[in-house]
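For reference, the structure discussed in these notes is given below.
The values are calculated or read from the model by the stated rules, or taken from the named source; none is laboratory data. Keep in mind the model is a prediction, meaning the values are calculated, not measured. Neighbour counts run over all protein chains shown; Cβ positions are idealised from the backbone, glycine included.
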Amino acid sequence: MTGDKEAILAELENGVKNLQQEVAVEAAKKALAAGVSPVEAIEDGLAKGIREVGEKFARKEMFVVELIYAAEIMSVAIKVLEPELKRTAAQRNVVGRMVLGTVAGDIHDIGKNLVRIMLEASGFEVRDLGKDAPTESFVSTAKEMGADILGASSLMTTTVEVQKEVVDALRGAGINAPLLVGGAAVSEEWAKEIGAHYASDANSAAVTAKQLLGKGG
């Protein structure tokens, strides 16, 4: 059984990282038939694949469209596992709870969506506020879910100042969880200036978020 399980987990990983949806879906079916825990299938199979894709994307060895497609493959395979996941009430080990959004006035969300994909693959529970998210939404959602960390994206120079508004609003509300900022208009210097932390891409966002929570990288 151990050999079968390892082979199935490898197929799940390979299906995602090699962009082969049929392989991933069939492996998910095999996992259920072999009695592999759906949580294990996700964490030690599918998520490993998407993390490798993210690392290749960070090294410019894969394109954005490939990362998005890999995430879609992972999502389809998880749907196969979902009934068993619900039946056994199995819970993934949540690394941390995060509020994520593109700041008010900015309607770009591709980069933010990629960050969410990598965070979820790394074990984060993510509440996605979407694009053009009001500053108050960051505050109220952080309070509601007891967020451990927040992320604010800005691609436009005209909206980067809103990241500072988010920091000020959070601190004013007594929320001291770290804020991770990124986007085309953002630099590490700007992040330091406003009391936030910087991530240059989706993969580094996931690594930095884990480091900020003392969960390694």
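The table below gives the values:
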read-out	value
Count of segment 151-173 residues which are in a loop (DSSP other than H, G, I, E, B), of a type in the set (A, V, I, L, M) and within 20 Å of residue 126 (Cβ to Cβ)	1
Of all residues in segment 90-125 being surrounded by fewer than 20 Cβ atoms within 10 Å (Cβ to Cβ) and part of a strand (DSSP E or B), the one that is nearest to the chain's Cα centre (by Cα)	125
Test result for residue 87, free of Cβ contacts under 8 Å to residues at least 24 places away in the same chain and either surrounded by fewer than 19 Cβ atoms within 10 Å (Cβ to Cβ) or among the acidic types (Asp, Glu) (or both)	yes
Test: residue in segment 25-42 that is assigned to a loop (DSSP other than H, G, I, E, B) and of a type in the set (Asp, Glu)	no
Filter result for the condition that a residue is polar (S, T, N, Q), assigned to a helix (DSSP H, G or I) and surrounded by fewer than 18 Cβ atoms within 10 Å (Cβ to Cβ), over 140, 200	140
Any pair with Cβ under 9 angstrom, 6 or more apart, that starts in segment 146-166 at a residue that is without any contact (Cβ under 8 Å) to a residue 60 or more places away in the chain and ends at one that is surrounded by fewer than 20 Cβ atoms within 10 Å (Cβ to Cβ) and of a type in the set (Phe, Trp, Tyr)	160/190; 164/190
Residues located in segment 192-217, provided they are under 17 Å from residue 54 (Cα atoms) and among the β-branched types (Val, Ile, Thr)	207, 208
Only listed residue being within 28 Å of residue 66 (Cα to Cα) and of a type in the set (D, E, K, R), chosen from 168, 106, 148	106
When residues of segment 186-217 are limited to those that are among the basic types (Lys, Arg) and more than 19 Å from residue 163 (Cα to Cα), the one nearest to the chain's Cα centre (by Cα)	210
Residue list for segment 174-217, restricted to those being under 19 Å from residue 125 (Cα atoms) and touching an Asp or Glu at 6+ places or on another chain (Cβ under 7 Å)	177, 203, 213
Enumeration of residues in segment 153-176 that are of a type in the set (Gly, Ala, Ser) and touching a Leu at 6+ places or on another chain (Cβ under 6 Å)	none
Complete set of residues in segment 83-140 that are at pLDDT below 90 and of a type in the set (S, T, N, Q)	88, 91, 93, 113, 122
Condition met for residue 66 (part of a helix (DSSP H, G or I), more than 14 Å from the chain's Cα centre (by Cα) and under 20 Å from residue 205 (Cα atoms))	yes
Residue 81 being in contact with a helix residue (DSSP H, G or I) (Cβ under 8 Å, 6 or more places away or on another chain), more than 30 Å from residue 135 (Cβ to Cβ) and in a loop (DSSP other than H, G, I, E, B)	no
